[in-house]
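All remarks here apply to the structure that follows.
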Amino acid sequence: MKAPATVTTPTAYLAQLPEGRKADVTALHRAIRQAVPDLKPIIVYGMLGYGPFHYKYASGREGDSAIICLASQKNYISLYVCACTSEGYLAEANKARLGKVSVGKSCIRFKHLADLNLKVALELVQTAAQLARQPGGFAM
């Protein structure tokens, strides 16, 4: 669920969450900040983002995004780990290790923080940050 346009800071994003979701998202936000303190938190596409970057495809399409994104959706929480290695997308390649979650290429979806293997998720977050620091960055 995209945050209202009036939400322009991570603090405001967390404050506007419904009580049933606020504790889990806030705890995950704090864990991400502790795991990768050098990734600046921002609001991107109505979500919490960490590690802003500008991208440009060969087609000429370009925009701004973040290495990691966190969003409170209507029915679940989404953690986006936007990074690939030669083995594929980090989230997709580690699906079996992430716990009681649903995984797309970069998106990890779960109902409650307790469903997510937080240790593995933070490992992926740190790996994505390391890949982004390498010369040439990383591919999404």
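The values are calculated or read from the model by the stated rules, or taken from the named source; none is laboratory data. Predicted model only: the values in this text are computed from it and were never measured. Glycine also receives a Cβ, built like all others from the backbone with ideal geometry; neighbour counts cover every protein chain displayed.
A compact table of results
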item	result
When residues of region 42-91 are limited to those that are charged (D, E, K, R) and either in contact (Cβ under 8 Å) with a residue 60 or more places away in the chain or in contact with a strand residue (DSSP E or B) (Cβ under 7 Å, 6 or more places away or on another chain) (or both), the one nearest to GLN126 (Cα to Cα)	ASP64
Single residue of region 1-20 satisfying the filter (part of a helix (DSSP H, G or I) and at pLDDT 95 or above) that is farthest from GLY49 (Cα to Cα)	ALA15
Condition broken by ALA3, with the remaining ones in (1) in contact with a Gly (Cβ under 9 Å, 6 or more places away or on another chain); (2) in contact (Cβ under 8 Å) with a residue 40 or more places away in the chain; (3) exposed (fewer than 14 other Cβ atoms within 10 Å of the Cβ) satisfied	(3)
